[in-house]
Amino acid sequence: MSTLSLFDNFPPEIEQLRQEINHHNYRYYALDDPQITDADYDRLMQRLRELETQYPAAITPDSPTQRVGATPLSAFTTVVHELPMLSLDNAFSDEDLLAFNQRVQDRLKITDDVEYACELKLDGIAVSLLYRDGLLVRGATRGDGTNGEDITQNVRTIKSIPLRLAGTGYPAVLEVRGEIYMPKAGFNALNEKARAADEKLFVNPRNAAAGSLRQLDSRITASRPLEMCAYSVGWVDGGTLPETHSGILAALKTWGFLTNRETQVAKNIHEAMAFYRQIGEKRNELAYDIDGIVFKVNSRQLQESLGFISRAPRWAIAYKFPAQEESTILLDVEFQVGRTGAVTPVARLQPVFVGGVTVSNATLHNRDEINRLGIKIGDTVIIRRAGDVIPQIVQVVETKRPTDARAIAFPEHCPVCNSPVETVADEAVARCSGGLVCAAQRKEAIKHFASRKAMNVEGLGDKLVEQLVDLGLVSNLADIYALTREQLAAMERMGEKSADNILTALENSKKTSLAKFIYALGIREVGESTARNFANYFGSFEALAAADQDALQQVPDVGPVVAHFVAEFFVQESNRVAVAALRNAGVHWDNIEVAAPEALPLKGLTYVLTGTLEALSRDDAKAHLLALGAKVAGSVSAKTDYVVAGPGAGSKLAKAEELGLKVIDEARLLELLREHGRQV
Ligand code: IVH
């Protein structure tokens, strides 16, 4: 509803723009189906801002430009919830869930199936939003359920919360309840920024969401990537609502709220249980954290008959997933030395079950991380294992620190070879200066050399490499080619058959490609794709070894850091000797014919590959394009020249079409490659 009076003579474009913007918000948040690009949306907002600057009297509080408050608050005021905000009873097993269903049936005196709305239990902060005549008038936290805090200024900054309801048919008074949370990607980006600025990190997305809502200055809240998902209604007056919970969610969606799209209705408790498992399996892939599934009796009439006990409804239950955070004790810290000499502190923990597995180690990353956490040996710590991410220590419980807690001493000498540990200014990582003198670095270098994507010596696994180095049978890369059948057969868990297999694998590995050989050397910052770029650009090992830093930086995706490490690698005599020894042992490859860089036919063009390619692997297609001088990017932007789309291409193709880019199929790509003399 507009508050403009009839006598105000403002350009109608202002109200039209607001409606248009609100419509696109609705498409974007409620329907998850935007009709315009972000850039077009920004242009509409920009135009509205201009007009409102010109006609300040036309500004209304529900204008989409008015999300961020100008003046910070001095304190939050208290809100008394008209209807208390309840919590949920928990289930931790199928038995608990079946018992809940039984209680529901018993209380209703029925034996028929009960229909349940199944929703994700979002791990964020519960909020209440009050709308009067369709306008957002108050946002509040749950607080203790009876008294919350007024966070209206802050909730207004969250774009998935409508300032004015969309559609029609909403009650005159409508309190919407839901969860405000921070999606994982936004959380990671926020913490990365904080880490770069040496600021305190947030422990998890929920804490980050809570901290963001607790800001007195709504400009800070506005800068945080928060979302709100509506999951129920509270106080309602002057209107009616659908008869089922799922119906209410559907209505909330038409009024402009984001409702969770995984939500489903289960015919009975068994279907509900299947839903729990199905979501459990994809929990890690979801864009946000959840800690369980909430089941709600779908019929509102049945909900009413069931009523409440103390602080929770009898008609709903939260079936929890295994916790992703647990506390345990830091028993000790050990220091591991990696392939590049990086000395990494590893926490030895009292084993704890978290995120579905037992965790007894966690990385502490580097010295800065130890300082940031302020951690000591003996401390009680909080471990987080979300998804497949390696377990992290996110917090120290300082109140539980024992009196005999010990400080962590970062070693000044390598724990493996005793060479001095060095820290380069501006780098968080400390490194053992021993190079290949250090057995730890040697082991890692050989493991890397033999690995599948490098020389691919099948059977020469990590354990075997460690034994061979420990016994002094291998001390440099080429030594692996001098191993004898007797030496190999004498190793633990080896027989003559396995020894023979390894000898064959070693022999086969000698014929490799230039790209794989460059990658296998383990030059710092030179991963598989950079190695491939070097091979395609220089064509021969000699040309790469002779290149100076400027020449190296001509290679696609190579900047000063990579160029520095490559040049430094070839300056060292020991590395040149190691390469010569490998070639003497018979390692060989075919050189690649390269044209002079100016003559590269696709120079200056950027390609993106998406969907499935059938004749070529993605890596090969990329290698051919790079060899012709093209750049191959991972994402589509206005800078992309061609998108090669195979079957199953999704969002990248859609974006290419939206940007009006040239799209070709695999057949056309093959033609193009052949035209330029590539054999495909
Ligand atoms: S319903 C009377 N639905 O879980 C029912 N709660 O203890 C009250 N939560 O703090 C809540 N997702 O913030 C409901 N889909 C969902 C939810 C959800 C997360 C949170 C809620 C509350 C806690 C319940």
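Neighbours of residue 362 by Cβ distance under 10 Å: Lys/Arg scored +1, Asp/Glu scored -1, total +3. Note on residue 399 and residue 615: their simple-model spin labels are 6.8 nm apart, each label 7 Å out from Cα toward Cβ.
What number, in percent, do you get for the relative contact order of the chain if the mean sequence gap of Cα pairs under 8 Å and at least 6 apart is divided by its residue count?
The normalised contact order for the chain reaches 9 percent.
A full extension of the chain between residue 508 and residue 309 corresponds to an added length of 64.5 nm, given 0.36 nm per residue minus the alpha carbon distance. The loop-placed trypsin sites (Lys or Arg not before Pro) in region 75-134, going by DSSP, that have at most 11 neighbouring Cβ atoms within 10 Å of their Cβ come out as 109. Packing, as the average of other Cβ atoms within 10 Å across residues, places the peptides 156-164, 382-390 in the order 156-164, 382-390, highest first. Projecting label points 7 angstrom from Cα along Cα→Cβ for residue 332 and residue 543 puts them 5.3 nm apart.
Note on region 382-488: lysine pairs with Cα distance below 29 Å, sequence gap of 8 or more or different chains, count 4. Each residue of region 398-410 is assigned a 3J(HN,Hα), and the resulting list reads 5, 5, 9, 5, x, 5, 9, 4, 10, 5, 8, 8, 6 Hz, derived from the Karplus form 6.51 cos²θ - 1.76 cosθ + 1.60 (θ = phi - 60°), x at Gly and Pro.
Identify the trypsin sites (Lys or Arg not before Pro) of region 538-644 meeting these criteria: DSSP loop state and at most 15 other C-beta atoms within 10 Å of the C-beta. List each step's numbers first, then the result.
Working: sites: 576, 583, 603, 618, 622, 631, 639; in loops: 603, 639.
Sparse-neighbourhood loop trypsin sites (Lys or Arg not before Pro): 603, 639.
Between region 520-557 and region 202-232, the C-alpha centres lie 45 angstrom from each other. In this calculation the C-beta distance from residue 671 to residue 561 is compared with R0 = 35 Å, giving a FRET efficiency of 0.40.
Can you work out the PRE-style zone for residue 82? Point 7 Å along Cα to Cβ, and I want the residues of region 228-272 with backbone N under 11 Å. Counting only backbone N, you get 234-239.
I need the calculated FRET efficiency for the pair residue 111 and residue 437, taking r as the beta carbon distance and R₀ as 51 Å, to the nearest 0.05.
Details: r = 77 Å, r/R0 = 1.51.
Rounded to the nearest 0.05, the efficiency is 0.10.
To test your reading of the geometry: what angle, between 0 and 90 degrees and rounded to tens, separates the Cα axis of helix 13-25 from the longest principal axis of the chain? Between helix and principal axis, roughly 60 degrees.
Averaging Cα coordinates gives a centre for region 462-476 and one for region 489-513; these two points are 14 Å apart. Annotation: cysteines of the chain without a disulfide-compatible partner (Cβ-Cβ under 4.7 angstrom) are 118, 229. The length gained on full extension between residue 95 and residue 214, counted as 0.36 nm times the residue separation minus their Cα-Cα distance, comes to 39.0 nm. Across region 509-525, the residues whose backbone nitrogen lies under 17 Å from the label position 7 Å along the beta-carbon direction of residue 452 are 509, 516, 520.
Is region 104-193 best put as rounded, prolate or oblate by its Cα gyration tensor, with a ≥ b ≥ c the root eigenvalues, rounded for a/c under 1.5, and otherwise prolate when a/b is larger than b/c, oblate when not? In terms of gyration-tensor shape, oblate.
Which FRET efficiency, nearest 0.05, do residue 641 and residue 571 yield, Cβ-Cβ r, R0 45 Å?
Working: r = 37 Å, r/R0 = 0.83.
For R0 = 45 Å, the calculated efficiency reads 0.75.
Between residue 277 and residue 74, the contour length at 0.36 nm per residue exceeds the alpha carbon distance by 68.5 nm.
Here is the P(r) of region 515-574: all C-alpha pair distances, binned every 10 Å from 0, give 25, 67, 8 in whole percents. Among the GluC sites (Glu not before Pro) in region 221-317, which ones are in a DSSP loop with at most 16 other Cβ atoms within 10 Å of the Cβ? Mind listing them? Counting only loop positions with at most 16 other Cβ atoms within 10 Å, the GluC sites (Glu not before Pro) in region 221-317 are 243, 262.
Given a 1.4 Å probe and the protein chains as shown, residue 115 ends up with an accessible area of around 90 Å².
The values are calculated or read from the model by the stated rules, or taken from the named source; none is laboratory data. All of these numbers come straight from a predicted model, not from anything done at the bench. Note that we place each Cβ from the backbone using ideal geometry, even for glycine, and neighbour counts take in every protein chain shown. Please note that ligands, DNA and RNA were not included when accessible areas were found on the heavy atoms of the full protein model with its side chains. Shrake-Rupley method; radii C 1.70, N 1.55, O 1.52, S 1.80 Å.
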